[in-house]
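Heads up, the thing below is written out as structure tokens.
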Amino acid sequence: MQGRLSAWLVKHELVHRSLGFDYQGIETLQIKPEDWYSIAVILYAYGYNYLRSQCAYDAAPGGLLASVYYLTRIQYGIDQPEEVCIKVFVPRTNTRIPSVFWIWKSADFQERESYDMLGISYENHPRLKRILMPESWIGWPLRKDYIAPNFYEIQDAH
């Protein structure tokens, strides 16, 4: 089922894939990493002026990583603002996604956390460095294939 924003993007010949709606009825779209920055600028100009949340997750061990953006159209006098969820999937071999920091400043710490935990590299982010883990930390702790250094099973302790 195609939502309102997906229909608008199709009308303007902007490449995307509709992923349907979540449990709250929020339209979810998939955008390719190479198209993400230009579509983000278009969405901002279209009225999605608030980045409510950015997060990331590991879709499957050895599989794709996803960067997820929840955008909202904030307008005066509107009680139920329009929202959309954008998912950008990248392979582990090339985790580069354009940063949207220069469009929505609230992406700053959120993109840094996604970098720190999953190793997604946000191009043109002004301060892309670890935010939760020490700089000396090796690896990406929230990846499903991550093995903690010096990890010992509890049964090996006695």
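Name the residue that is surrounded by the fewest Cβ atoms within 10 Å (Cβ to Cβ), counting only residues in region 34-64 that are assigned to a strand (DSSP E or B) and of a type outside the set (Asp, Glu). Give the steps one after another, and end with the answer.
Residues of region 34-64 assigned to a strand (DSSP E or B): 50-58.
If we keep only those that are of a type outside the set (Asp, Glu) as well, we get 50-57.
Numbers: Tyr50: 15, Leu51: 21, Arg52: 15, Ser53: 13, Gln54: 22, Cys55: 15, Ala56: 24, Tyr57: 16.
It comes out as Ser53.
Failed condition for Ala7, given (1) touching a strand residue (DSSP E or B) at 6+ places or on another chain (Cβ under 6 Å); (2) among the hydrophobic types (A, V, I, L, M, F, W, C); (3) without any contact (Cβ under 8 Å) to a residue 24 or more places away in the chain, with all others met?
So the condition that Ala7 fails would be (1).
Tell me the residue from Ile74, Ile103, Ile147 that is over 25 Å from Thr28 (Cα atoms), of a type in the set (A, V, I, L, M) and part of a loop (DSSP other than H, G, I, E, B), please.
None of the other options fit; the residue is Ile147.
Show the residue pairs meeting these rules: Cβ distance below 9 Å; 6+ apart or different chains; first residue within region 37-56 and among the basic types (Lys, Arg); second residue buried (at least 20 other Cβ atoms within 10 Å of the Cβ).
Close Cβ pairs (under 9 Å, with a partner that is buried (at least 20 other Cβ atoms within 10 Å of the Cβ)) amount to Arg52/Tyr69; Arg52/Leu71.
If we keep just the residues of region 1-11 that are open to solvent by less than 90 Å² (accessible area, probe 1.4 Å) and of a type outside the set (A, V, I, L, M), which is farthest from Ser53 (Cα to Cα)?
Kept after step one, since they are open to solvent by less than 90 Å² (accessible area, probe 1.4 Å), are these residues of region 1-11: 3, 5-10.
Then keep just the ones that are of a type outside the set (A, V, I, L, M); that gives 3, 6, 8.
Numbers: Gly3: 20, Ser6: 20, Trp8: 23 Å.
In this case the residue turns out to be Trp8.
Tell me whether region 76-97 contains one or more residues that are modelled with pLDDT of 90 or more, within 26 Å of Glu135 (Cβ to Cβ) and acidic (Asp, Glu).
No: zero hits.
Residues being open to solvent by less than 20 Å² (accessible area, probe 1.4 Å), aliphatic (A, V, I, L, M) and assigned to a loop (DSSP other than H, G, I, E, B): count how many of those fall in region 108-144.
Qualifying residue count for the region: 1.
Between a residue in region 15-27 that is touching a residue at least 24 places away in the same chain (Cβ under 8 Å) and open to solvent by less than 40 Å² (accessible area, probe 1.4 Å) and any residue that is in a loop (DSSP other than H, G, I, E, B) and not hydroxyl-bearing (Ser, Thr, Tyr), which pairs come within a Cβ distance under 6 Å, given they are 6 or more apart or on different chains?
Going by the 6 Å Cβ cut-off, the qualifying pairs are Glu27/Gly3.
Anything in region 90-112 that is within 15 Å of Arg52 (Cβ to Cβ) and in contact (Cβ under 8 Å) with a residue 24 or more places away in the chain? List them, or say none.
Val100, Ile103, Trp104, Ser106, Ala107, Gln110, Glu111
Name the residue that is surrounded by the fewest Cβ atoms within 10 Å (Cβ to Cβ), counting only residues in region 69-107 that are touching a strand residue (DSSP E or B) at 6+ places or on another chain (Cβ under 6 Å) and polar (S, T, N, Q).
Checked region 69-107; the qualifying residue surrounded by the fewest Cβ atoms within 10 Å (Cβ to Cβ) is Ser106.
The values are calculated or read from the model by the stated rules, or taken from the named source; none is laboratory data. Quantities reported herein were computed from a predicted structural model and do not represent experimental measurements. Neighbour counts run over all protein chains shown; Cβ positions are idealised from the backbone, glycine included. With ligands, DNA and RNA removed, areas are computed over all heavy atoms of the protein, side chains included. Shrake-Rupley method; radii C 1.70, N 1.55, O 1.52, S 1.80 Å.
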